[in-house]
Amino acid sequence: MATQYDDRIEALTRIAETFDPPQRVKDEAYIKDYESVYAYSIRDPEGFWGQIASELEWIAPWTRVREIALPDHRWFVNGKTNITLSALDRHADSWRRNKVAIIWLSESGEEQVATYGQLRDRVNQFANGLKSKGIGKGDRVVIYMPLVIEGVIAMLACARIGAIHSVVYAGMGAGALRTRIEDSRAKAVICADVGYRRGKVVRLKAAVDEAIKDLDFIESVIVLRRQDPAIELNEWEEDLWELLRKSSHRCPAEVMDAEDPLFILYTSGTTGKPKGVVHVHGGYMVGTYYLTKAFFDVKDRDVYWSTSDIGWIVGHSYIVYGPLCAGATILIREGAPDYPHPGVVWEMVQKYGVSVMFTAPTAIRMFMRFGKEHVEKFDRSTLRILACAGEPLNPEAWRFAQDVILENHGHCIDNFWQTEVASPILGTMPAMENRPGRVGKPLPGVVADVVDESGRPVPAGSGGRLVLRQPLPYMMRTIYGDPERYADVWGTVSGCYLTGDIAVCDEDGYFSVLGRSDDVLNVAGHRIGTADVENALVSHPAVAEAAAIGLPDEVKGEIIQVYVVLREGKIPSDGLRKTIIQHVRHELGPIATPSGVEFVGKLPKTRSGKIMRRLLRAEALGMEAGDISTLDD
């Protein structure tokens, strides 16, 4: 099963290095004894999760902690809440009212600060503005915003009134945006005129105009105008701040059942249609709140920085909802982590006293490439926890983070999760021994296993499918509009949730996640379906057929290589290659831009017509082709 990962499994068996966390990390850790907490969470999940939930705000109590009838599972049954009560009101009505909730930074050094009291006022004003546009409980609202405070306000305002937000990463193109708007049947779109990255203007409103053309179900477009002079708006469009300012700062939170949807977030799958993953108010709130404290070890005095974006699940769970429910001070920065200079991240760590940071292995490898001198010129002594996720953290990157960035006064901890589960499920907790190359152990409440194609556990040290043997409160509840597709992730291996990843577990219970078992690419921590790329390619008028594969890259983890069969009469050329690349970039956004296009006469396929991407990848890497008995001659 894990043939393509056999070399990595063998390499892992040769890594015997372990690292004990610094004493100050152990002393301050929220969980000091992982084994006892984990054992309790498995022995009494109702008691474990019920106690955590009781620390948050509820309008009415639950009658049962959980009801499980797979593939369905309900948590905090009959409980009534609204996640904004825990993220905003419980702080704004306490001593935290004047505590800084969010510090926003731009690439040019501009700064905006919002306290918990100010943030609640702004959210309430915008929530009232949305209601004035006829938006209410159950309506879908697409948010297409750069990483700005207004984007966070928009998410929270939707939650406040029970609307279901669907954030689309502002780096995605008009085609991808339209697909998500159409699938969710959004009633409104909230966007910005532009974003800024590497000193350049990214025009977002133009993408929205193209994406919603001829969509008659869109009733409102609300625009954050950032440029001067301000762009002109059409009669059905409204300025975000004008809408906000004319609205009251008092807006009672809509009463939501614990199982009512909070948001839809689209993620790539193995078909051309992205999956609309649905998360709910209750269980998602409990899980993200708990792991902000228990895994990321965020405390009241900390300044916490996630270098992700609100367009991804990391941004939802660990820029917005989890840290706000925990009452944290959050740093967010719009722009690139290497602009205007390669050490700007560490300059910000020094300036703001960042103590907990969450980033991606891609970023760590980028800092390695720049050289340690760009790190060492700034003081990082406040940095206690550096967490990484999104793709496998290779041992070399881990050592650079531990030895150079943290200088061994903090702890670099790995973790694994995905959009569908919304929070870490495997990880090395702050007080745990670290093993480079291993992501860690199952987190409290998680029962993980590695199984073969038939669902039988494999021996320690062997590769297989990573599964979860019981649901968690913070897992998705369905795939929007496609319950059959949701049921598949529970039905493929009986009674288990299939993550779609290949993993290996050692004799001490430490897991390594090696990569996807399906046709999903992982570029700089962003999941991109091969079908998404291939559909974009064949929508080009010169392309008849196409295949996309991922190839290893030192910085991004994977890059996208595509193979194209041209239509009759079309001639391969460098110019055509460039236009095809630009076409995919326009359709899917910069993150899905192919790094290379190879023109071929035909694609290798099975006799049933399925493209053998494995064969293309093996040829590109100079590897053995393996079993080709199903190849159509």
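Data table
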| item | result |
| --- | --- |
| Qualifying residue in region 578-595 (condition: modelled with pLDDT under 90 and assigned to a loop (DSSP other than H, G, I, E, B)) | yes |
| In region 145-178, residue nearest to the chain's Cα centre (by Cα) [restricted to those that are in contact (Cβ under 8 Å) with a residue 60 or more places away in the chain, closer than 17 Å to Pro590 by Cβ and part of a helix (DSSP H, G or I)] | Ala176 |
| Residue in region 361-383 that is nearest to Val303 (Cα to Cα), counting only those that are in contact with a Pro (Cβ under 8 Å, 6 or more places away or on another chain) and touching a residue at least 60 places away in the same chain (Cβ under 8 Å) | Pro361 |
| Search result, residues across region 201-231 that are of a type in the set (Asp, Glu) and not in a helix (DSSP H, G or I) | Asp214, Asp216, Glu219, Asp228 |
| Region 404-458 - residue that is within 22 Å of Glu28 (Cβ to Cβ) and of a type in the set (Asp, Glu) and, of those, nearest to the chain's Cα centre (by Cα) | Asp414 |
| Among (1) surrounded by 20 or more Cβ atoms within 10 Å (Cβ to Cβ); (2) not assigned by TED's automatic domain parsing to the domain that holds Gly195 - the single one Asn124 does not satisfy | (2) |
| Matching residues, region 373-402, being at pLDDT 95 or above and assigned to a loop (DSSP other than H, G, I, E, B) | Lys377, Phe378, Asp379, Arg380, Ser381, Thr382, Leu383, Arg384 |
| Selection count where residues are touching a helix residue (DSSP H, G or I) at 6+ places or on another chain (Cβ under 9 Å), farther than 10 Å from Arg333 by Cα and outside any helix (DSSP H, G or I), scope region 94-112 | 6 |
| Residue count, region 563-594 (criterion: touching a Ser or Thr at 6+ places or on another chain (Cβ under 8 Å) and free of Cβ contacts under 8 Å to residues at least 12 places away in the same chain) | 0 |
| Residue pairs meeting the criteria (Cβ under 7 Å; at least 6 apart or on separate chains; first over 18 Å from Ala114 (Cβ atoms), in region 300-321; second part of a helix (DSSP H, G or I) and among the aliphatic types (A, V, I, L, M)) | Thr307/Ala363; Ser308/Val314; Ser308/Ile319 |
| From Ser454, Ser423, residue being free of Cβ contacts under 8 Å to residues at least 24 places away in the same chain and in a loop (DSSP other than H, G, I, E, B) | Ser454 |
| Matching entry among Gly437, Gly427 (being under 17 Å from Gly557 (Cα atoms) and buried (at least 20 other Cβ atoms within 10 Å of the Cβ)) | Gly437 |
| Residues (surrounded by fewer than 24 Cβ atoms within 10 Å (Cβ to Cβ) and among the β-branched types (Val, Ile, Thr)) located in region 143-160 | Val148, Ile149 |
| Region 42-86, subset polar (S, T, N, Q) and within 17 Å of Ala159 (Cα to Cα), residue surrounded by the most Cβ atoms within 10 Å (Cβ to Cβ) | Thr84 |
| Filter result (in contact with a helix residue (DSSP H, G or I) (Cβ under 8 Å, 6 or more places away or on another chain) and either in a helix (DSSP H, G or I) or modelled with pLDDT under 90 (or both)) within region 346-362 | Trp346, Pro361 |
| Leading residue by the ranking (surrounded by the fewest Cβ atoms within 10 Å (Cβ to Cβ)) among those in region 545-557 that are touching a residue at least 60 places away in the same chain (Cβ under 8 Å) and in a strand (DSSP E or B) | Pro552 |
| Test: residue in region 331-339 that is touching a residue at least 40 places away in the same chain (Cβ under 8 Å), crowded, with 22+ Cβ neighbours inside 10 Å and among the aliphatic types (A, V, I, L, M) | yes |
| Residues of region 1-52 satisfying the condition of being of a type in the set (A, V, I, L, M, F, W, C) and at pLDDT below 95 | Met1, Ala2, Ile9, Ala11, Leu12, Ile15, Ala16, Phe19 |
| Qualifying residue in region 152-175 (condition: touching a His at 6+ places or on another chain (Cβ under 6 Å) and at pLDDT 95 or above) | yes |
| For Trp312: the one exception among (1) among the hydrophobic types (A, V, I, L, M, F, W, C); (2) within 16 Å of the chain's Cα centre (by Cα); (3) buried (at least 24 other Cβ atoms within 10 Å of the Cβ) | (3) |
| Conditions (1) modelled with pLDDT of 95 or more; (2) more than 17 Å from Met155 (Cα to Cα); (3) assigned to a loop (DSSP other than H, G, I, E, B): number failed by Asn234 | (1) |
| Hits in region 237-258 - residues which are of a type in the set (D, E, K, R) and either assigned to a strand (DSSP E or B) or buried (at least 18 other Cβ atoms within 10 Å of the Cβ) (or both) | Glu237, Glu238, Asp239, Glu254, Asp257 |
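The values are calculated or read from the model by the stated rules, or taken from the named source; none is laboratory data. If you're wondering where the values come from, they're calculated on a predicted model, not measured in any experiment. Neighbour counts run over all protein chains shown; Cβ positions are idealised from the backbone, glycine included.
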